[in-house]
Structure formats: structure tokens, C-alpha cells
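One structure below.
Computed from the coordinates by the stated procedures, all read-outs in this text should not be read as laboratory data. Bear in mind the structure is a predicted one, so any value in this text is a computation, not a measurement. Cβ: placed from backbone, ideal geometry, glycine included. Neighbour counts: every protein chain shown.
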Amino acid sequence: MSVMQTRNKPVILLVAEAVTLAHFARIVTLAKALDPAAYEVVVASDPRYADLEAPLDCAFHPIRSIPSAEFAQALARGKPLYSVETLTQYVEDDLVLLDSVKPDLVVGDFRLSLAVSAPLRRIPYAALVNAYWSPFADTVYPVPDLPMTRILGVRLAQKLFDTVRPMAFALHARPLNRVRRHYGLPPLGSDLRNVYAWGDYTLYADVPELVPTRPLPANHRYLGPPLWSARAPLPDWWDRLPDKNPVVLLTLGSSGRADLLPMALFALSELPITVIAATAGKIDLPDVPANAFVADYLPLDIVAQRASLVICNGGSLTTYQALATGVPILGICSNMDQLLNMNAIELLGAGLSLRAACVRSAQLKEAVRALLETPVYAQAAVQAGERFRQVDTGQRFRAFVSEVLG
């Protein structure tokens, strides 16, 4: 039955920009939190990750996102993530979607074009974003792994980046501002944070203890971390995992440096641990050390409960699941989003971070030893997990939707 035939219930459209798995996963988690008896729930996304959430218990509309490799390449070069032409095409695709679904509320995760298409159709729009991108957060922005970082080194590159960051943020904000002008909407200013966080409502996928902000306006609120795990079966080796050593989960996700997995596995093979590795389908590993067990995808919620440490790309999707389980984290980070997230976790005392561009085997082993042998990291992770369990993200989202729709 189509949405058009069931207008007796409000229609909630949730849109993911599926350049990374995290955006799709968070949108799906929020969609599942809504009562299908009360709302028509519709998810729209590029279908590249849809198999990880099959079957999806609501209507699904496929839309186009740029290839993940193109997105990652722009990040690595420090270039604007989207061109004016791409965002314009996104807006046109959005308008077709909005005219078809006719939602009463649209929620978007990094679908920047909704800052144009939703106002054009006068549909309330809520942007889901991490709080460290909030214009109300006093965030210190680390220099990401850029060509200048590799040439100058992190210390000098950070000094240069601190100087040019406002100009860099303005450059990254320019394409969406130009598209908004083209459609007769006012620009959002030169601060990239306003571009990422703009909406009629802004929902932060965090808790304030992890990423604090200054007092927020009424249309901004903390939602809590939308926790997600792939609907992947446990591999056949799961019941054969040895119990004598600590278990370390290694996954660099959809946006991490998969090419680092062989080095990481070799380094970890020299430690008295058992390694569970998930490749996200990005790399074949023909030579697997004796202490390692490998799968493409794993149900993170189950696997994290067995782990003493999670090694990941530092993104919020995996780190928040680890913290919710009370497990410390080693982030091997490359882009700014990952560095920002791990900065917050390090301040919490629940993890350490390394830079993907310069990580070496000895560094990795030293960090793993520290995290496994120093109890304060696990204690901080357990405390964070207790706080996460006090936050019902689904209930907060349901309350928000009910409030918006009156």
C-alpha cells in the first residue's frame, strides 16, 4: 500500500546520505524507534548498505549518493565534499522524493541538500548531527590527515590549519550557499558548522557529558546516541574462540583505512590476545595470523560484549557501541570527524587515538598494551556505558516527533 493511500497517519521521512555506513545506520535506528501504528515511516537512502538492515520494516525509497570512494578522496585532499552541480542534482532528487512521499516531517543525516529542498516544499526539517559540529560547541579542531600534514608534520600543520581554518570552512560552505541562493533562499554564512547543523530543528546524536555545548536554542536538543548493529550472523568460528586471552575487536569500518588491516593484524599477532577482525567487505586478507578470526561484517552489539578492547577508525557508530558496552577504544583516525570524536573520548579517559597516516606497528602495540593493562581506561568506558544506558534515544526521538507534529 502506498503512502498516498494511508494519509490517516502522519508520514515521517528519514533520509540518509549513505557516503558512510554511519549515516545510514543512524537513520535506520531512528526509523525503527517509531511506532508503525502511529506513523507511516519511510526511509530514503542509497541502497549500498541496505543488505545490512534487511529486511527493513518500513517503506524504502532508493536515492543516489555519490560513491563512498569519491567522498573519501575529497576528505583526504581537503576539498569541498560536494560540488554545486552535485548538490543541485541532490535537490532535484529530493524534490521528487518529497513530492512522492509528502511527509509531515523529514529527518536527514548529512543530506545537506535537504537544507534547500525541505524549505522549498515548506516541510519541517530536522538535521541529525554530532554535537562537535554544533556552532554552540567550543570545539578545538584538529588538523586532519591532509597532504600538508604529511609534508609538514602534525605540529606545524596544526599551526597553519588554525590560521586558515575559517577560510577553509568558508570554502566548504560555499557550494551549499550557492545552491540556496540559486533557489531563492538566504545563504547560511561562511561557518561550515552552520551548514552541517542547519535545520528547523537540530538533533545531536550524543550526550552532553561526552560533547558539551553552550546553552542551546529551543530548536536544538540532545537526542542521545542511536546505537546500531549489522544484522549479520555470527561466523562459524564464533564458538571456537579461545578464552585464555583478552579478545580485541578490530574493524576500520566503511570509512577507515582498510589497507592498514594487514599491518594491524601482524602487529597484534605478537601480543597475547585473540583478535576478531571485520573487513566491511573492503579488503581480502589471504594471510591471517593464528590468533585472528576474520569476517566481512559482525553483529557489533554481540561481539563488543565479548571484547576487552575495540580498535576502529574512531567514528561515532562503532565507538558509541563500544562505550555502551563498557569497552575502551583505540581509534586509528584519518578525517576530522573521527579525530573530533576520539578527542572527546580521550578527554573522557575511555580511549586513545592514533593517526592513520603515520601509525606504525610499534605504536599500535604500545597503545593496545596500555589500554588493556591500565584499568582506568576500562573504568571510564564502564562509566560512559552507564550514562548511555540512562538515555533512551528512541523515546527522546518519539517525544520530539510527537512535539513537532502536535
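Rg ratio for the range 131-244: its Cα radius of gyration over 2.2 N^0.38 Å, N being its residue count, equals 1.50. Using a Gaussian network model of the chain in which every pair of alpha carbons under 10 angstrom is joined by a spring, one finds that among PRO233, PRO147, PRO225 the greatest mean-square fluctuation is at PRO233. Given a cut-off of under 8 Å on Cα pairs at least six residues apart, what relative contact order in percent is computed for the chain? Normalised by residue count, the contact order of the chain is 14 percent. Checking the cross-link pairs LYS79/LYS102; LYS32/LYS102; LYS159/LYS365; LYS32/LYS79 against a 24 Å limit on the alpha carbon distance flags LYS79/LYS102; LYS159/LYS365; LYS32/LYS79 as lying beyond it.
Quick one: if you stick a label point 7 Å off each Cα along the C-beta vector at SER402 and MET167, how many nm between them? Between SER402 and MET167, the simple spin-label model gives 5.2 nm.
Subtracting the Cα-Cα distance of GLN383 and ARG121 from 0.36 nm times their residue separation leaves 89.9 nm of extension gain.
For the chain, the alpha-carbon radius of gyration amounts to 0.97 times the rule-of-thumb value 2.2 N^0.38 Å expected for a compact globular protein.
Stokes-Einstein, applied to the Kirkwood radius of the range 238-389 over Cα pairs at a viscosity of 1.306 mPa s and 10 °C, places its translational diffusion at 106 µm² s⁻¹. The order of CYS333, CYS58, going from fewest to most other C-beta atoms within 10 Å of their C-beta, is CYS58, CYS333.
Dividing the summed -39500 (n - 2.57) terms of all DSSP H runs of n ≥ 4 by the residue count of the chain sets its mean residue ellipticity at 222 nm at -12500 deg cm²/dmol.
In this structure, ARG231 and SER190 have a Cβ-Cβ separation that, at R0 = 35 Å, corresponds to a calculated FRET efficiency of about 0.25. The packing ranking, built from the mean of other Cβ atoms within 10 Å per residue, places the peptides 340-351, 149-160, 290-301 in the order 340-351, 290-301, 149-160, highest first. The loop-placed trypsin sites (Lys or Arg not before Pro) in the range 242-333, going by DSSP, that have at most 12 neighbouring Cβ atoms within 10 Å of their Cβ come out as LYS244. One chain, two ends: ASP51 and LEU241. Fully extended at 0.36 nm per residue, the span grows by 65.7 nm beyond their Cα-Cα distance. Each pair of Cα atoms in the range 154-211 enters the Kirkwood radius, and Stokes-Einstein at 4 °C and 1.567 mPa s then converts it into a translational diffusion coefficient of 97 µm²/s.
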